[in-house]
1. With the requirement that a residue be open to solvent by less than 10 Å² (accessible area, probe 1.4 Å) and over 24 Å from A:Pro156 (Cα atoms), what does region A:2-32 give you?
2. When you go through B:Glu175, B:Glu134 one by one, which is the residue that is within 27 Å of B:Ala204 (Cβ to Cβ), touching a helix residue (DSSP H, G or I) at 6+ places or on another chain (Cβ under 9 Å), open to solvent by 20 Å² or more (accessible area, probe 1.4 Å) and at pLDDT 95 or above?
3. Would you please list the contacts, defined by Cβ atoms under 8 Å and residues six or more apart or on different chains, that run from a residue in region B:56-77 that is within 13 Å of chain A (Cβ to nearest Cβ) and free of Cβ contacts under 8 Å to residues at least 40 places away in the same chain to a residue that is part of a helix (DSSP H, G or I) and among the charged types (D, E, K, R)?
4. In region B:148-158, is there at least one residue being assigned to a strand (DSSP E or B), modelled with pLDDT of 90 or more and of a type in the set (A, V, I, L, M)?
5. Looking at B:Gly105, B:Gly82, B:Gly62, which is the one that is of a type in the set (Gly, Ala, Ser) and on the phi > 0 side of the Ramachandran plot?
6. Looking at region B:128-156 only, could you name the residues that are away from every other protein chain (no Cβ under 14 Å), of a type in the set (D, E, K, R) and touching a residue at least 24 places away in the same chain (Cβ under 8 Å)?
7. Do you know which residues across region B:41-57 are touching a Gly at 6+ places or on another chain (Cβ under 7 Å) and either open to solvent by less than 40 Å² (accessible area, probe 1.4 Å) or assigned to a strand (DSSP E or B) (or both)?
8. Can you pull out the residues in region B:181-201 that are more than 13 Å from the chain's Cα centre (by Cα) and touching a residue at least 40 places away in the same chain (Cβ under 8 Å)?
Amino acid sequence: MILHNYDLYEDCFRVRLLASCTEQSLELVNVNAFPGAEEKSAPYLKLNPLGRLPILEDGELCLRNLSAILIYVAEQDAQKRFIPKDSAERARMMDWLGFACQDLSVATEARAVALLDAPGDVAVLRAKARQLFRILDDHLTRQSLRGEIYVAGKSPSLADIALFPAFALCRDFNLDHDEFPAARLWARQIRTLPGFITMPGIPDYH
Amino acid sequence: MTQTGSAPSQWVPVALSNMIEAGTSAGTVVNDAEIVVWRDTAGKAHAWEDRCPHRGMKMSFGFVRGDHIACLYHGWEYDTSGTCQYVPAHPELEVPKSICISRYGTTETGGMIWAYTPLGTLEQDSPPDLPALEGVRSVYIDAPVAQVSGALEQHGSTPAGNNETNSNFTTVKLESTVVTVGLQQISEGRCALHIAVPQDTTIATREALLDWCEDLRRSVEQLEAAA
């Protein structure tokens, strides 16, 4: 699998983190996204007319949608360890995967405005992201009351992997973790997963 | 970092005990003063000014190693007295004792970690006298603490504090359960409630309490937004 990657994009990190936690290797093609905007160059627009990263290629297959990429990589894992077998739990996982990849794109955008010169109003985006992390924190509070520390159940799933980068990186746009104690505890659990890796902005406590 | 000169000396709840695991740290704010709350690996809780004297980095971004907390920037490590013990860039250096972080008086009672504020006040008053309780959740609300207290009174809360220094909690009866609510003023327009219940409280009651917390936050914030 080839990942067209930019190290500082959290959406690319989501894919790298998943591959690492499922013991799969990715061939990384590093794209000069900032400041080069190479993903908007002619050859890249051929791969993804939307002009965005990440892009995943596997043989004839070329994927540009974040959740499609994440589901594909999670299914390539022989053990399929992050895809719940129980159908209700799998549906809950998909529900939170949608939250991570669609709703939380405001957090990705806020970070891009704060760090990478993207256009937008960081204060408005930050306020939206804060509301979403409240929803996550409320949910994780309920989960732990039921003895389930992950978003979809007792075991970590693809949704947790997809959610983690947004929460871990929100300090990059000046949203602190102070107000989200349940998410803080949950994030600590994610950090202990075998194969866990970091990226710039996510401290490695060595 | 700035402090209101007129703020009375008092014990303020800054976190639920069970939300700060051994070997971890978190940031919080009391009356605009940034505080790092951390627990050493032996289990003792600490509340300090949230600033490394070296470059001003927040200590709450750092990490705990045994009974030391280390800054994320350059790894300067401080012992439980707040004194810097180790500078990784100069491992041979005997660190001057003058490099230290200011500490708050810290205690744990009623399932909460309390800090004696403002910074630099000598501990004079005994901490709130609360029974053994278990934290359910902390809820952060965009409204003045007085307004939240008012909303709690409408729920029939009874201020349990009998003097100024331990007035930062109240109790509310939810069905037959006595719920203890620790009140933390973050800034003029923001506060946190730390919610704790007796250990034998059922899961069903705790779930109802979570609904209650979310409803309270929603209704108070809607009132505040309309004001």
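1. A:Asn5, A:Val31
2. B:Glu134
3. B:Phe61/A:Arg171
4. Taking region B:148-158 as the starting set, the residues that turn out to be assigned to a strand (DSSP E or B) are B:158.
This time we only want the ones that are modelled with pLDDT of 90 or more, so: none.
So far as region B:148-158 goes, no, none of its residues is assigned to a strand (DSSP E or B), modelled with pLDDT of 90 or more and of a type in the set (A, V, I, L, M).
5. Details: B:Gly105 fails: on the phi > 0 side of the Ramachandran plot; B:Gly62 fails: on the phi > 0 side of the Ramachandran plot.
Checking each option against the conditions leaves just B:Gly82.
6. B:Asp129 - this is the single residue of region B:128-156 that is away from every other protein chain (no Cβ under 14 Å), of a type in the set (D, E, K, R) and touching a residue at least 24 places away in the same chain (Cβ under 8 Å).
7. Result: B:Trp48, B:Asp50.
8. In the first step, residues of region B:181-201 are kept if they are more than 13 Å from the chain's Cα centre (by Cα); the result is B:187-190, B:196-201.
Scanning region B:181-201 gives B:Ser187, B:Glu188, B:Gly189, B:Arg190, B:Ala196, B:Val197, B:Pro198, B:Gln199, B:Thr201.
The values are calculated or read from the model by the stated rules, or taken from the named source; none is laboratory data. Source: prediction; values computed, not measured. Glycine gets a Cβ as well: all are built from the backbone with ideal geometry, and neighbour counts include every protein chain shown. Ligands, DNA and RNA are excluded from the accessible area calculation, which covers all protein heavy atoms including side chains. Shrake-Rupley method; radii C 1.70, N 1.55, O 1.52, S 1.80 Å.
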